[in-house]
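Nothing in this text is a laboratory measurement; each read-out follows from the coordinates by a stated rule. Bear in mind that the values here come from a model prediction, so they are computed numbers and not experimental data. Methodologically, a virtual Cβ is constructed for each residue, glycine included, from the backbone with ideal geometry; neighbour enumeration extends over all protein chains shown.
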Amino acid sequence: MNAIQKDKSAQSPATSLLRIMAICCGIAGASCATPKSVRINWDSESASDTVALGEASKTWAHLRPPRELQELNKVTRQSLLQITDTFQRSPSDRPLLQTSEGASALKVQGRTIHQLSAIDELIPTEFIRLRSGQIKPVEVSGLGVPLSVHLPKSENDPMLPTHGIWIPVTAVLNLDQPRKPVLELLDPTRVGQVPVGSATMPLAANFTAPLARDFQDRAGELLDFGALVNFDKYSQFLGLTRASSFGPDKEVVILTHGIFSDPTTWDKALNSFFRDEDLRNRYEFWLFGYPTGAPIPYLASELRREIHDLIAYRASQGAPDTRITLVGHSMGGLLSKAMIQTSGKDTWDKLFTVSPEELDMSTEDQQLLESMVFFEPIDQVKRVVFIATPHRGSRLADFAPIELVAKAIKVPQVLLHMSNSLLSDNREYLTPLAMQLLRKGDTAVVNLQEGAASLSINANAFNLNKGVALHSIMGNIRPAGRKDVRKSGDGVVSYRSSHLEGVQSETVIDGVGHAIHRKEETFQEIIRILKGR
């Protein structure tokens, strides 16, 4: 995400480098990840300040916001400063809090946070500065201190990006029992209101800062042009990764980008979704990233495998059910559509004159080939949103400069090996159509050509799962009223190509080009769909 700047505390001479293992280890018996430094510099507080526990407890019991709310948040900040500073000098699972009532062992708990014991870094969100005008921060005023917390990829949480993930967490010093204070770490996507004495207060939160920090790490993983032409160099970044806090009771939304793009293209969309309380409480967001030059059938088989892994992972973490909504932009829409399609034996017969078992090829090549040709709908996918999706191809793929790019695209080695095996050892079993595809070189750009044989076989002509709700969003590059919508397009994909019969809703946004997935009007339409309106 380009919206992030250096955290402000790094620029202050009063900055303290503090350890946060005390927070990680405050969970009873939890093993700790390797601690890292966190920069904390609240101007009016220091680690040596005594927490006014007596006064804070009275305020907690009889809260009168907003001034007294600020007082409670101040003691939470002081507690964070103290326990990190204390732990750095004398490690302890139950750090001592120096208060006006004497020393008190502070318990740390986080019942709503997934993999809390794995936390290895924490930054107060107020020290993450966004570039002015780039993105509008999503913040909630209330009780608590908003934090950006880092979880690393691990065996216990394997479906994270290689760099891990930054998620929002809010710290609250709970004083229900004044002599036994508890520092609660809460997930603001699962907890919106907090009981305070006899009152209930909104939980403070900052959703944009962790997202910005997370997307800063994601940037550069899939360089647009490099990942287009050289799949194998960027193949390590192919896969589904979580982009928000985990919730076993939540539904899943998978966002899939298009060609010449990468997962960071969804930054503004996600920020807009987090602005809506219903969405952030109900949905868990995931991103499918991939080097975009590989053939659509191969990428679809990889996405299908990743979704099955996602379902299995969530089940292992206590999710009773997984309902999935797919949102795909451009070629990402074709990949999403492949998740609700049935191929059938007829597809195989259009390519081969014998069964898979009769082909002379390795087991690995045969399994790969079958995964691309034989597939069934994923039952957990209940809804698909197509954004500027070229169901019938794009004329842009036929332009001379694009054709030059297509020639530079390197076919993935696994596909090249399989193709060589088919041409050298199984030529007599190939139909004319299969020979045409193998000779031409199957890449995403070839797939997207209007009337391409591979597109008609692998991305458009299959039966769709009738139980899935379909929605289409498309752009009209002309202003409203300037052109018949049926003859319009977004400059890359025509209306004729993006129109799909049988959808529950079709929305055309005037005056918008192919980057429609980055427009506020599109965000609002997706929000409407996700809310079931």
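Extension gain for residue 176-residue 131 works out to 12.3 nm (0.36 nm per residue, less the C-alpha to C-alpha distance).
With 0.36 nm allotted per residue and the present C-alpha distance subtracted, the residue 219-residue 345 stretch has 41.2 nm of extension available. Counting every other Cβ atom within 10 Å of each residue's Cβ, 321, 214 order from fewest to most as 321, 214.
From the Cα gyration tensor of segment 256-322, with a ≥ b ≥ c the square roots of its eigenvalues, which class applies: rounded if a/c is under 1.5, or else prolate if a/b is larger than b/c, or else oblate? The shape class here is oblate. Modelled this way, with points 7 Å down the Cα-to-C-beta line, the labels at residue 50 and residue 249 are 4.2 nm from one another. Counting other Cβ atoms within 10 Å as a rough exposure proxy, the listed residues 531, 58 run 531, 58 from fewest neighbours to most.
Any idea how far apart residue 281 and residue 417 come out in nm if each label point goes 7 Å out from Cα toward Cβ? Placing both labels 7 Å beyond Cα along the Cβ direction yields 5.1 nm. Loop-located GluC sites (Glu not before Pro) in segment 286-389 (DSSP state not H, G, I, E or B) with no more than 14 neighbouring Cβ atoms inside 10 Å do not occur. Residues 69, 299, arranged from fewest to most other Cβ atoms within 10 angstrom of their Cβ, appear as 69, 299. Cβ-Cβ distance of residue 71 and residue 464, R₀ of 56 Å, FRET efficiency by 1/(1 + (r/R0)^6): the value works out to about 0.45.
Per-residue extension of 0.36 nm, minus the Cα-Cα distance of residue 374 and residue 111, leaves a gain of 90.4 nm for this segment.
Of the trypsin sites (Lys or Arg not before Pro) found in segment 236-308, not one falls in a DSSP loop while having at most 13 other beta-carbon atoms within 10 Å.
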